[in-house]
Amino acid sequence: MDGGYATGADGNASIVLGAAVIAMGLLAGLFYFSSIAVMPALTAADDRTLVDAMQQMIDKIENPAFFSVLLGAPVLAAVALVQARRSGPPKTAAWIIAGLAFYTVMVVITFAVHIPLNEDLKDAGDPARIENLAEVRDDFVTPWVAWDIVRTLATTAAFAALTWALVLSGRMRASGAATAGLR
């Protein structure tokens with residue numbers, strides 16, 4: 001430790017794990033906002049508004065900022081896991097594994113439920129020309145909202161697990177520094 005800050009491999013491990021926590025937190029926040037604000041607002045709107053807005057969001061979410069967080073969170077967590085297994089306490093590695101497991105649940109839900117529903121909604125076409133708009137809406141919104149809540153919980157659990165791994169990592173470094181100072 002130098003001036004109270006982790007240096008060397010410990011410092012790099014903290015930075016990587018901290019970045020994984022931030023990325024996972026951004027994902028959890030995105031899904032949380034969708035679950036508590038966006039989808040309740042859209043489900044209160046008329047059929048055409050919901051379908052049009054969701055088609056637009058499905059298109060706009062596919063951007064570099066989103067993909068860097070979506071793909072960066074597990075990559076950073078995996079690197080942090082390797083670092084924790086090399087030099088960190090086993091409990092830190094276990095919590096990183098838990099975070100990655102919860103992230104995997106989110107990915108499975110996204111690919112098994114949300115992406116197919118999104119594609120079906122996009123394929124329905126222009127909301128002004130959809131003949132059975134209420135049916136298209138109902139087929140989409142009920143499963144999408146239900147599984148979005150589960151996805152939000154999984155991502156929030158991943159964020160919490162990675163955060164706890166970072167806390168444990170910091171405690172271990174602090175206790176190691178205290179022990180080194182007693183010598």
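The values are calculated or read from the model by the stated rules, or taken from the named source; none is laboratory data. Everything numeric here is computed off the predicted structure, so don't read it as measured data. Please note: Cβ atoms are built from the backbone with ideal geometry, for glycine as well, and neighbour counts cover all protein chains shown.
So, in the range 124-175, exactly how many residues are charged (D, E, K, R) and more than 30 Å from Leu76 (Cβ to Cβ)? Even if it seems obvious, please write down each step before you answer.
In the first step, residues of the range 124-175 are kept if they are charged (D, E, K, R); the result is 126, 129, 131, 135, 137-139, 148, 151, 171, 173.
Filter once more, so that each one left must be more than 30 Å from Leu76 (Cβ to Cβ): 126, 129, 131, 135, 137-139.
Total satisfying the criteria: 7.
Listed here are the residues, each with its yes/no results for (1) touching a strand residue (DSSP E or B) at 6+ places or on another chain (Cβ under 6 Å); (2) at pLDDT below 95; (3) surrounded by 12 or more Cβ atoms within 10 Å (Cβ to Cβ).
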| site | (1), (2), (3) |
| --- | --- |
| Thr49 | no, no, yes |
| Ala53 | no, no, yes |
| Leu71 | no, no, no |
| Leu76 | no, no, yes |
| Pro89 | no, yes, yes |
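Give the residue that is nearest to Thr43 (Cα to Cα), with candidates limited to residues of the range 122-162 that are of a type outside the set (A, V, I, L, M, F, W, C) and surrounded by 18 or more Cβ atoms within 10 Å (Cβ to Cβ).
Pass one, the range 122-162, residues of a type outside the set (A, V, I, L, M, F, W, C): 122-123, 125-127, 129, 131-132, 135, 137-139, 142-143, 148, 151-152, 155-156.
Applying the additional criterion that residues be surrounded by 18 or more Cβ atoms within 10 Å (Cβ to Cβ) yields 127, 137, 148, 151-152, 155-156.
On the way: Pro127: 15, Arg137: 9, Asp148: 13, Arg151: 18, Thr152: 18, Thr155: 23, Thr156: 23 Å.
Restricting to residues being of a type outside the set (A, V, I, L, M, F, W, C) and surrounded by 18 or more Cβ atoms within 10 Å (Cβ to Cβ), the top hit is Arg137.
Just to confirm my filter: which helices (runs of 4 or more DSSP H) fall fully inside the range 26-115 and include at least 2 residues that are more than 18 Å from the chain's Cα centre (by Cα) and among the small types (Gly, Ala, Ser)? Give the steps one after another, and end with the answer.
Working: elements: 39-43, 47-61, 64-87, 90-109.
So the answer is 64-87, 90-109.
Taking the residues in the range 22-47 that are in contact with a Leu (Cβ under 7 Å, 6 or more places away or on another chain) and crowded, with 18+ Cβ neighbours inside 10 Å as candidates, determine which candidate is farthest from Glu135 (Cα to Cα).
The selected residue is Ala23.
Would you mind telling me which numbered condition in (1) among the polar types (S, T, N, Q); (2) in contact with a Ser or Thr (Cβ under 9 Å, 6 or more places away or on another chain); (3) modelled with pLDDT of 95 or more Thr156 fails?
Among (1) among the polar types (S, T, N, Q); (2) in contact with a Ser or Thr (Cβ under 9 Å, 6 or more places away or on another chain); (3) modelled with pLDDT of 95 or more, Thr156 violates only (2).
Test of understanding: among Ala94, Ala124, Ala98, Ala112, which residue is within 19 Å of Asp52 (Cβ to Cβ), modelled with pLDDT of 95 or more and not polar (S, T, N, Q)? Outline the logic, then answer.
On the way: Ala94 fails: within 19 Å of Asp52 (Cβ to Cβ); Ala98 fails: within 19 Å of Asp52 (Cβ to Cβ); Ala112 fails: within 19 Å of Asp52 (Cβ to Cβ).
Sole residue among the options that is within 19 Å of Asp52 (Cβ to Cβ), modelled with pLDDT of 95 or more and not polar (S, T, N, Q): Ala124.
Please determine, by comparing only the residues of the range 12-70 that are among the acidic types (Asp, Glu) and touching a residue at least 60 places away in the same chain (Cβ under 8 Å), which one is nearest to Ala124 (Cα to Cα). Explain how you work it out, then say what you get.
Start the filter on the range 12-70 by keeping residues that are among the acidic types (Asp, Glu), which leaves 46-47, 52, 59, 62.
Next, from what is left, pick out any that are touching a residue at least 60 places away in the same chain (Cβ under 8 Å): 47, 52, 59.
Details: Asp47: 13, Asp52: 11, Asp59: 14 Å.
Filtering the range 12-70 for residues that are among the acidic types (Asp, Glu) and touching a residue at least 60 places away in the same chain (Cβ under 8 Å), the one nearest to Ala124 (Cα to Cα) comes out as Asp52.
Among the residues of the range 74-92, which ones are without any contact (Cβ under 8 Å) to a residue 60 or more places away in the chain and either of a type outside the set (Lys, Arg) or within 14 Å of Val21 (Cβ to Cβ) (or both)?
Listed by number, the residues that qualify are Pro74, Val75, Ala78, Leu81, Val82, Pro90.
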